[in-house]
1. Quick check on segment 294-315: of everything there that is in a helix (DSSP H, G or I) and of a type outside the set (A, V, I, L, M), which residue is nearest to A67 (Cα to Cα)?
2. Check segment 106-115 and report whether any residue there is touching a Leu at 6+ places or on another chain (Cβ under 7 Å), at negative phi, small (G, A, S) and at pLDDT below 95.
3. Among the residues of segment 279-293, what is the count of those that are outside any loop (DSSP other than H, G, I, E, B), surrounded by fewer than 22 Cβ atoms within 10 Å (Cβ to Cβ) and touching a residue at least 24 places away in the same chain (Cβ under 8 Å)?
4. Of these, S118, S105, which one is within 26 Å of D270 (Cβ to Cβ), surrounded by 16 or more Cβ atoms within 10 Å (Cβ to Cβ) and among the polar types (S, T, N, Q)?
5. With the condition kept exactly as written, say whether any residue in segment 255-269 is farther than 22 Å from A54 by Cα, assigned to a loop (DSSP other than H, G, I, E, B) and either without any contact (Cβ under 8 Å) to a residue 60 or more places away in the chain or of a type outside the set (A, V, I, L, M) (or both).
6. Name the residues in segment 121-145 that are surrounded by 15 or more Cβ atoms within 10 Å (Cβ to Cβ), farther than 25 Å from T285 by Cα and in contact with a helix residue (DSSP H, G or I) (Cβ under 7 Å, 6 or more places away or on another chain), would you?
7. Could you tell me whether T80 is at pLDDT below 85, assigned to a helix (DSSP H, G or I) and not aliphatic (A, V, I, L, M)?
8. From the list D98, D62, D103, D2, exactly one residue is on the phi > 0 side of the Ramachandran plot and either modelled with pLDDT under 85 or out of contact with any Phe, Trp or Tyr (no Cβ under 9 Å at 6 or more places or on another chain) (or both). Which is it?
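The values are calculated or read from the model by the stated rules, or taken from the named source; none is laboratory data. Predicted, not measured: the structure shown is a model, and the values here were computed from it. Backbone-built Cβ (ideal geometry, glycine too); neighbour counts: all protein chains shown.
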Amino acid sequence: MDYLIFVLSLAALIWGADLLIAQSEKIALRFNISEYVIGATLIALGTSLPEMAASIAASYNDKAEIAVSNVIGSNILNITLVLAMVFLLAKKINPHRDFFAKDSSWALFPVLLFCVMSLENNFSRFDGVLLILLMLGYLIFLKQSGSDVLTLEDEELEKEEHAPFSWVHVSLLLAVGFVLVIVGAEFTVESASSIARSLGVSEWIIGIVMISMGTSMPELIVSIVAATKGKADMAIGNIIGSNMANITVVLGSAALVRDLKLDMHSYLFDIAVLIAATLMLVFITANRMYSKPAGISLLVLLALFLHHTLGALAH
């Protein structure tokens, strides 16, 4: 029964996030906000909603392992699975934006900050405030540097601007989305905890594998669709933005709810994979290696991560 509840609640969580993203896009386009700003901020934050809801619910229920492992697992999967699939499925990737010069530090710095905070084995409310302030700095940076990238095609923009818009309809769907996200997150965490207890494994393992895979689905879907439509900037930007949001907003919000106390020294392998994946992202953007071989190399790292983690699950 727990497995059925887990699948249904995860589906509700993802569907709710999808509703929120779609309606937020409509509002943004209504006020002529550029597609780049929508993609790098609204969609990146929107696709991180499942992680945020799950981690906040876990923190509220005093399940620090799930709150933190969900963030680490989601960031690893965003790079090793989502970015890899973008490289493998996109016909041609030639981003206009120089991600190395403009965004690589924003991909790496939050991870380094996370590692420093991990040394205390406690993510405090003060840490949460610092992380959220870092996200605010990132949003200001995007606003100042993003105007040169990704504008909608004229026909597409005109079509969106003249599409029917109803505040009542949009508000209703936003409300439904919020309810699905909140309820879905609560039941996802509770059912995952029950599964962990029944299998005799830690909540960390469940969080870093099952929950993070489920909550990474929006990033996977959005990035693959963007890549197949030739919008490589949006696909890669969504991954960088989502990873930034996961560590800063998701973990920061969870820490604001309750101090997250856990022995991070027990999870050095997972932290090492997070660092390795982020460094690979920086290396790929530095050398503009937007290719299938790069995608395969990311999948190799994912395979090593899953082999180690599922090996722990088997024991």
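1. Top of the filtered list is T309.
2. Yes - at least one qualifying residue is present in segment 106-115.
3. Going residue by residue through segment 279-293, those that are outside any loop (DSSP other than H, G, I, E, B) are 279-286, 292-293.
Keeping just the survivors that are surrounded by fewer than 22 Cβ atoms within 10 Å (Cβ to Cβ) gives 279-280, 282-283, 286, 292-293.
Among the residues that remain, those that are also touching a residue at least 24 places away in the same chain (Cβ under 8 Å) are: 279-280, 282, 286, 292.
The number of residues fulfilling the criteria is 5.
4. Working: S105 fails: surrounded by 16 or more Cβ atoms within 10 Å (Cβ to Cβ).
Testing whether each residue is within 26 Å of D270 (Cβ to Cβ), surrounded by 16 or more Cβ atoms within 10 Å (Cβ to Cβ) and among the polar types (S, T, N, Q) leaves just S118.
5. No, every residue in segment 255-269 fails to be farther than 22 Å from A54 by Cα, assigned to a loop (DSSP other than H, G, I, E, B) and either without any contact (Cβ under 8 Å) to a residue 60 or more places away in the chain or of a type outside the set (A, V, I, L, M) (or both).
6. Of everything in segment 121-145, those that are surrounded by 15 or more Cβ atoms within 10 Å (Cβ to Cβ), farther than 25 Å from T285 by Cα and in contact with a helix residue (DSSP H, G or I) (Cβ under 7 Å, 6 or more places away or on another chain) turn out to be F123, S124, D127, G128, I132.
7. Numbers: at pLDDT below 85: no; assigned to a helix (DSSP H, G or I): yes; not aliphatic (A, V, I, L, M): yes.
The answer is no for T80.
8. Details: D98 fails: on the phi > 0 side of the Ramachandran plot; D103 fails: on the phi > 0 side of the Ramachandran plot; D2 fails: on the phi > 0 side of the Ramachandran plot.
On inspection, the qualifying residue turns out to be D62.
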